[in-house]
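**Q** Can you keep this structure in mind? I'll have questions shortly.
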Amino acid sequence: MDITTLVGLIVGIVVLSTLILMGGDFRMFYDIHAVIIIFGGSFAATLIRFPLSAILHGMPLGAKFAFTMSRLSARDLVDELARIAEIARKQGPVGLEKVETDEPFLAKGIRYVADGYDLEFIRDNMERDRDNFLMHLNEGSKIYRAIGDCAPAFGMIGTLLGMVQMFSNMSDPSKLGPFMAVALLATLYGALVANLICLPIADKLHGKLIDEETNRTLIIDGILMIRDSKSPALVREMLLAYLPEKHRHEEGELVPA
């Protein structure tokens, strides 16, 4: 689990709740009209911007990856692929049938090699799988960013509606308070939805998309080299190029000057 996402949301909620309780109670900050304009309006705008299929794929995938981490880091993947290459060299492709891994994409590549698929089939299939996954993850990032962009705008729309209603009922002082609450709370809700939830999630998904692209490309290259019967040492050295310089050496190993 990606603990930073959860901790960030909890800290944000605690800070807001503390400030609210210091000046009153939660009932002061709830208004159904503001909820409708922010969430209903943002949802409607998102439906207009994106195809339904992109929303159905992108939003759940984005929510999942905002709160989860990759099972293996890039450094772990290099070590794992070198280990698998060693098994393949000693036991042949048949020996890979008993290899287990926590990374589903890597497990698929191992199965292809163990089943004897040719190099081009493995390359085409795994690259297509990678590209489809990254496309859906990118859709999720774009959807959350779109919601984050339009929520403050709908907050302003709610504010304008509240102001119009307020000025239209100046003769009835009892209605001025509720309409002013709609005006202010709509802006508050829009700012919170955008800056505490949607835009941070969109940025996190963009970073994870870059990491996933690196990891999956690394896996594809490693699997192809194993299929091509490259030595474990060569597999390791070739894949270390994907890592930053400071991560290419084991802990305690001297880094070349």
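The values are calculated or read from the model by the stated rules, or taken from the named source; none is laboratory data. Please read these numbers as outputs of a predicted model, since none were measured by experiment. Glycine also receives a Cβ, built like all others from the backbone with ideal geometry; neighbour counts cover every protein chain displayed. Surface areas here come from the heavy atoms of the whole protein model, side chains and all, with no ligands, DNA or RNA. Shrake-Rupley method; radii C 1.70, N 1.55, O 1.52, S 1.80 Å.
**Q** Express in nm, to one decimal, how much length is gained between D172 and I48 on full extension, taking 0.36 nm for each residue of separation and deducting their alpha carbon distance.
**A** Once the chain is fully extended between D172 and I48, it gains 40.8 nm.
**Q** Report in % the part of the accessible area of the chain that belongs to carbon and sulfur, leaving out ligands and nucleic acids; probe 1.4 Å.
**A** 64 percent
**Q** At 7 Å along the Cα-to-beta-carbon direction for both D115 and M163, put a label point, then send me their distance in nm to one decimal.
**A** With each label point 7 Å from Cα toward Cβ, the separation is 6.3 nm.
**Q** With unit charges on the beta carbon (Lys/Arg positive, Asp/Glu negative), name the residue among I38, A183, G222 whose Cα is farthest towards the positive pole of the charge dipole of the chain.
**A** Most positive-ward Cα: A183.
**Q** Once you charge only the Cβ atoms, +1 for Lys and Arg and -1 for Asp and Glu, what is the size of the charge dipole of the chain about its Cα centre, to the nearest 20 debye?
**A** Numbers: 25 positive and 32 negative charges, 102 e Å.
Here the size comes out at about 500 debye.
**Q** Can you run the Rg to Rh ratio on the range 1-89? Use alpha carbon positions and the Kirkwood inverse-distance Rh.
**A** We get a ratio of 1.22 for the range 1-89.
**Q** Another one. Where the centre of each part is set by its Cα atoms, how far does the range 5-82 sit from the range 161-218, in angstrom?
**A** For the range 5-82 versus the range 161-218, the Cα centre distance is 12 Å.
**Q** Counting GluC sites (Glu not before Pro) as exposed when in a DSSP loop with at most 16 other beta carbons within 10 Å, what is the longest stretch of the chain free of them? Spell out each step's value before the answer.
**A** Values: sites that count: E100, E250, E251, E253.
The segment 101-249 is the longest one with no such site.
**Q** Right, next: Please report how many Lys pairs in the chain have alpha carbons closer than 25 angstrom, counting only residues at least 8 apart along the chain or sitting on separate chains.
**A** 15
**Q** Which one, M135, M156, M170, has the greatest fluctuation when you compute a Gaussian network model over the chain with C-alpha springs under 10 angstrom?
**A** Maximum among the listed residues: M170.
**Q** Here is a further query. Whose amide H sits under 5 Å from the amide H of M69, counting only residues 5 or more places off or on another chain, with H placed in the peptide plane?
**A** Amide H neighbours of M69, under 5 Å, 5+ apart: D2.
**Q** Just to check I understand the Karplus step: with θ = phi - 60° and J = 6.51 cos²θ - 1.76 cosθ + 1.60, what whole-Hz values come out for the range 131-142, glycine and proline as x?
**A** Values, residue by residue: 5, 5, 4, 5, 4, 5, 5, 5, 4, x, 4, 5 Hz.
**Q** Still on this structure, please answer the following. Quick one: Karplus J couplings for the range 193-209, per residue in order, coefficients 6.51, -1.76, 1.60, θ = phi - 60°, nearest Hz, x for Gly and Pro?
**A** 4, 6, 8, 9, 10, 6, 5, x, 5, 4, 5, 5, 5, 5, x, 6, 4
**Q** Which entry is the computed mean projected area of the Cα convex hull in nm² for this structure: [x] 19.1; [y] 20.4; [z] 12.6?
**A** [x]
**Q** What are the radius of gyration and Dmax of the range 172-233, computed over its Cα atoms and given in Å?
**A** Rg, Dmax (Cα atoms, Å): 25.7, 84.
**Q** Once phi is turned into θ = phi - 60°, what whole-Hz ³J(HN,Hα) does the Karplus curve with 6.51, -1.76 and 1.60 give for every residue of the range 239-244, x standing for Gly and Pro?
**A** Ordered by residue, 3J(HN,Hα) equals 7, 4, 5, 6, 8, x Hz.
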